[in-house]
1. Once each part is reduced to its C-alpha centroid, what is the distance from the range A:37-110 to the range A:232-278 in angstrom?
2. Starting from the residue with the highest accessible area, list A:D224, A:D47 in decreasing order, probe 1.4 Å.
3. Return the percentage of antiparallel bridges among DSSP beta bridges fully within chain A, rounded to the nearest 5 %.
4. Once you've got the GNM for chain B with C-alpha springs shorter than 10 Å, pick whichever of B:A32, B:A66, B:A17 has the biggest mean-square fluctuation.
5. Work out from phi, with θ = phi - 60° and the Karplus expression 6.51 cos²θ - 1.76 cosθ + 1.60, the ³J(HN,Hα) of each residue of the range A:82-98, listed in order in whole Hz, and give x for Gly and Pro.
6. Roughly how many Å² of B:K11 are accessible to a 1.4 Å probe, to the nearest 10?
7. Note down the relative contact order for the range A:82-271 as a percent, whole number, built from C-alpha pairs under 8 angstrom at least six residues apart.
8. In µm²/s, what is D for the protein assembly as shown at 37 °C and 0.692 mPa s, where D = kT/(6 pi eta Rh) by Stokes-Einstein and Rh is the Kirkwood radius from Cα pairs?
Amino acid sequence: MSIGEAKAYRTLSAALERHTGQTVPTNRHWRIDMALKPLMRRNSVPDLQTLAALIEMDTDPKLTRACVEAMVNNETSFFRDQPNFALLAGPVLDHIRELRSDTKRLRIWSAACSTGQEAYSIAITILENAEKWRGWTIQILGTDVSATALAQAREGRYSQFEIQRGLSVTHMIRHFEQQGEEWVAKDALRKMVTFTEHNMLTPVRHFGRFDVILCRNVLMYLNDDKRTHVLEAIAPSMEEGGLLMLGAAETVIGQTQKFRASRAFRGFYELTPGRQGA
Amino acid sequence: MKSCLIVDDSKVIRKVARHILETMQFEVTEAADGKEALDHVAQATPDVILLDWNMPIMSGMDFLRAYRSMNAVPSAKVIFCTTENGIGHIQAAIDEGADEYVMKPFDRETIESKLQILGCI
Ligand SMILES: C[S@@+](CC[C@H](N)C(=O)[O-])C[C@H]1O[C@@H](n2cnc3c(N)ncnc32)[C@H](O)[C@@H]1O
């Protein structure tokens, strides 16, 4: 690798880190190359060095943004990590339903929701159990730093590959409509979820408090300090008795004192009493 | 070890599917059409049947109808796996007793995800 190329990778990964907190280890720099190729072709940028120079000058915020979004890993699927999701869809939601039986209000936040599959999976779970939730006010919020991912999430539009990942055929035909090669969420499903942009490194806006917060497969891309930062930023948004769900390979242990492992639900976390703080 | 019967008239598809399933520790047998598949299930019930739609001699739908009317116990989970990707076909397959549906082209993750949904892995 030439010095110029090495410098270009550094500039690009620094831009990614500045906007999302994610770091790219040097041995994975090739991923940057692969991720940015289509964008370079679209903008007639001949090579990475030129792109890096444009990003460094930061004269076109749109390009910088598109560049960052292309480098971010957006991978997701419906009902991702099925056993964990089943725990959420069954026992965890049942527990919350009992806890909130007086207010009949349920609020769920899918933070770092990518293209929306996670938020829609929860909505599908609720719709499939409509009888149980009759009379409840239910809000599902999906947020992400990527405007491109959110645009797709809002439309609820998925390719044939995406729609088959994790979604059963019955749920697919019940909750989605076929449009050519794509599948689009039906109104009843789409109406259940609101999507809005939010960077988890910035203070949480006035989203209110949530009974369940999902923050899955995003901490794994951050360094320790940033993980702590994100978890502590989430804590004030947690409703008393609420539960935090992380990705299958993630934990709060060693990252923050604000949360502790739930005894009742494996893989879920709850506020440490007296530690919520703002 | 779980077992899977792959029913497809394309040798290439059978090979690709076999590879995917074997890496997931399935014991795999193959049939090139519905009739051959019926002969197989008369001998032994696999855990899963991966079933193509359009095949010569006997189609996937005709196989499924015949298989479900055999009332085999235990009964295999049937996953249609076909280029017939229209909602009409999908609905018809479900009505006829298919457990899952994969729209071709498929990849490893699609197959894995459908097997997981059916509790086969
Ligand atoms: C791998 S996806 C995970 C999606 C989903 N939660 C799941 O588990 O399937 C990670 C997502 O985190 C988003 N992301 C990365 N850094 C972020 C940040 N600082 N704030 C908000 N979202 C972020 C990315 O845009 C991407 O959509």
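1. Computed from Cα coordinates, the inter-centre distance equals 21 Å.
2. Working: A:D224 95, A:D47 60 Å².
Accessible-area ranking of A:D224, A:D47, largest first: A:D224, A:D47.
3. 35 percent
4. Comparing B:A32, B:A66, B:A17 in the GNM, the peak value goes to B:A66.
5. Here the 3J(HN,Hα) series is 3, x, 5, 5, 5, 5, 5, 5, x, x, 5, 5, 4, 4, 5, 4, 5 Hz.
6. For B:K11, solvent-accessible area is about 150 Å².
7. On the way: 304 pairs, mean separation 39.7, N = 190.
That works out to 21 percent.
8. On the way: Rh = 23.4 Å.
So the translational diffusion coefficient is about 140 µm²/s.
The values are calculated or read from the model by the stated rules, or taken from the named source; none is laboratory data. Given the structure is predicted, the values throughout are model-derived calculations rather than measurements. Here the Cβ is made from the backbone with ideal geometry for all residues, glycine too, and neighbour counts use every protein chain on show. With ligands, DNA and RNA removed, areas are computed over all heavy atoms of the protein, side chains included. Shrake-Rupley method; radii C 1.70, N 1.55, O 1.52, S 1.80 Å.
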